[in-house]
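Each reported figure results from applying straightforward, stated rules to the coordinates on display, with no laboratory input. The shown structure was predicted, so the numbers you read here are calculated from the model rather than taken from an experiment. Here the Cβ positions follow ideal geometry from the backbone for every residue, glycine too, while neighbour counts run over all protein chains shown.
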Amino acid sequence: MGHPRHARAGRRPCLRGALPRASRRHAQRVAVSAIAAVLGDGDPAAAREVVGLLAAVAARGREVGETRTLEGGALGVARFAWEEAPGLAGPAQVFVGPDGTVVVADAAIYYVADFRRALAGAGVTPPAEHPSALIWAAWKAWGREAPARLEGDFAFVLWDAGRRELLAARDFHGSRPLFFADRAGGLALSSGLRGLAALEGVSRELNRDALAEEITGISSACVAETPVVGVGRLPAGWSLRWSLGGPARLERHWEPPLFERGDWRADEAPELLRSVLGLAVRERVAEVERATVWMSGGYDSTAVYAAGRAALGEGGGDRLQVVSMSYPPGDPGREDELIEAVAARWEAQVRWVRSTDLPPLPDILAWAASRDEPAAHAFTPWNAALASATVAGGARVALNGNGGDQFFGVSPVYLADLLRSGQWRRLRRDFSALRLRGAEAFLFWAVVPALAPAVERWLDGATRGRLPRHYLEEPWPAWLPAAVAARLEERRARPRRRPGESHSAAEAAWYLTGSFGPRTISSAAAIVLSQGAEARSPLYDGRVLRVAAMQPRDMRNDAGERKKLLRLAVRGLLPDSVTTVRQSRTGLPGGWLRDRLLRFIPDSLAALRGSWRLVDLGLADPARLMREWDRYCQSPESEARRGGALFRAISVEAWLRQLR
């Protein structure tokens, strides 16, 4: 990954005040918290531009909000009215601290009691309990270190008029977006990309490499770039600092913990994880009357539910309800019986959403017009239906099992660690137990991941392209020009081992540092919010993550037995049928998506007749694109990767046509 530097003009490098004078309330329906700020040297248009930035995220929603004019700019916030309830985002107001420091936030802060004790130790008392006031208190106590002290889901902008300094930050989970644009003499920030791109003085030139990343779906090391050259993305786990007249400076305030390096105590770890996970659930529902868990039959969401129910104690069944997707008998996504077994164990009712009742994927052009970013989420109807079921049950918070695969499991890449450390007998045993066969599989999992990129490129050339690709890298789509593919190879985010770190440990950190994970999380969270609910992920809790980092590798994958610690932590809280080792994966919704794509892609291609923007930009070969569609139609069951690539290309093309 490159260094946090920033340029005023041209392509963004690869990572790469006074007291308020007036305020205005506004009301217009919106579906998600939005924040915006425009600051500069007495910018007379700042207030108008903030209102425009909030209007530009109207697809994400507004109901109530406030803008506030400052001597050197303006800040604004907008929310759903329901988000003002206790336990959610808090009042839709621009918070002004006793010292004149101004905060706008899209945030939920957890572990407030612990946080208040830490503030008291620093001699600071927050003037209120809502997130913006807590963020102000963190700034007064710890200054630029404040984001690292916050535990929660957050994106915020803070302007300290006394220091004439701005601080913006996002948490490491990345569910709440924040973008920025450097302009001559000033800085603008917003929850949305499009509004910033429309501002005067912001370059609207398209960033072709970033667009290529969108259509290929790679995880990029260039985490601060967007498809618009003049607009940057504040990456998850990073802060932005800016002083009047200077450039924006990005710096990482959060680093993933080193996995497999903790103080591991096998006899204590399961109980510790059960306690910490239960606390993570409790914190995320602390002040809300009711929440749901989106429960599959896998290990992750069931562990969240069971640990949460145990932590909430009596009455937990009313506060933590189950929403699940039901698939027909014989469908590879079906886990209905496992879900029912968990519900029976806790005497709970399941609010079912039937996969056969889900609508088709939206119209391609209307969908693109409603999105702030190019890539569409293929499971939009799926997420929207579960979110609607959450709201129908009287809840506004939906918990999920995101993070289980990344932090409690690991791929067979650990075979590269066995090879590197000379554990030949163990390597042979596990290679066989994982049902891997042949020299190509051995190269793929045990050899190639351990190669330095330069060595890998040399060997690939020496073998005329026959060397297997790195396990985290899918082949380039056939319609992607070779020159574009070559540039993207230099921009990929690969696991980078820190001193003493294993390949299996580096894999966990990779999920937290590349662009793909936070982008996907943010996209899914926006879908949930569009239906009137808020997604929260207890397994992405910092305390849960620290416990996960303690476990040795064989707790994450021991010859195919995965997620041992997570399963041990909820033993006795879940039926044995749920926590037992499974011979094959369950709960695979690929069949649902395949059926949708077979209808969506031809309809979308018909709607996108004419000259393609991607072709004009040199990012796609049209003849090869159509050949790929023909190949997908011939064998959709075995060509899921090809179908996904076509979906991404179509989605980005439609977005480009809607871009103003």
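Placing pseudo-labels 7 Å out from each Cα toward the beta carbon at E205 and R435 gives an inter-label distance of 5.1 nm.
Quote the FRET efficiency, to the nearest 0.05, computed for R641 versus R144 with a Förster distance R0 of 51 Å and r equal to the Cβ-Cβ distance.
Numbers: r = 43 Å, r/R0 = 0.85.
My answer for the efficiency is 0.75.
For the chain, taking Cα atoms only, Rg and Dmax work out to 24.5, 73 Å respectively.
Given the Cα atoms of the range 149-198, and with Rh set as the inverse mean 1/r over their pairs in the Kirkwood sense, what is Rg to Rh to two decimals?
Details: Rg = 12.3 Å, Rh = 12.2 Å.
Ratio of gyration radius to Kirkwood radius: 1.00.
State the Kirkwood hydrodynamic radius of the range 590-658 in Å, one decimal place, computed from all pairs of distinct Cα atoms. About 12.3 Å for the range 590-658.
Assuming R0 = 45 Å, can you tell me the calculated FRET efficiency for the pair R117 and D576, based on Cβ-Cβ distance, to the nearest 0.05? Display every interim value, and only then the final one.
Values: r = 41 Å, r/R0 = 0.90.
About 0.65, to the nearest 0.05.
Only the Cβ atoms of Lys and Arg (+1) and of Asp and Glu (-1) were treated as charged; on that basis the dipole of the chain about its Cα centre amounts to roughly 1180 debye.
What FRET efficiency do you get for A485 and R249 if R0 is 25 Å and r is their Cβ-Cβ distance, rounded to the nearest 0.05? For R0 = 25 Å, the calculated efficiency reads 0.20. Taking every Cα-Cα distance in the range 22-252 and sorting them into 10 Å bins starting at zero, the pair-distance distribution P(r) comes out as 8, 35, 38, 16, 2, 0 percent.
Between the residues A137, L250, V202, the greatest Cα displacement towards the positive end of the dipole of the range 22-252, with unit charges on the Cβ of Lys, Arg, Asp and Glu, is found for A137. Ordering of 346-352, 568-574, 361-367 by packing is 568-574, 361-367, 346-352, highest average first (other Cβ atoms within 10 Å, averaged per residue).
Rounded to the nearest 500, the 222 nm mean residue ellipticity of the chain from helices alone is -11500 deg cm²/dmol, with -39,500 (n - 2.57) taken per DSSP H run of at least 4 residues.
Spherically averaged projected area of the convex hull of Cα atoms, the range 167-326: 14.1 nm². The slack in the chain from E84 to W264, taken as 0.36 nm per residue of separation less the alpha-carbon distance, amounts to 60.6 nm.
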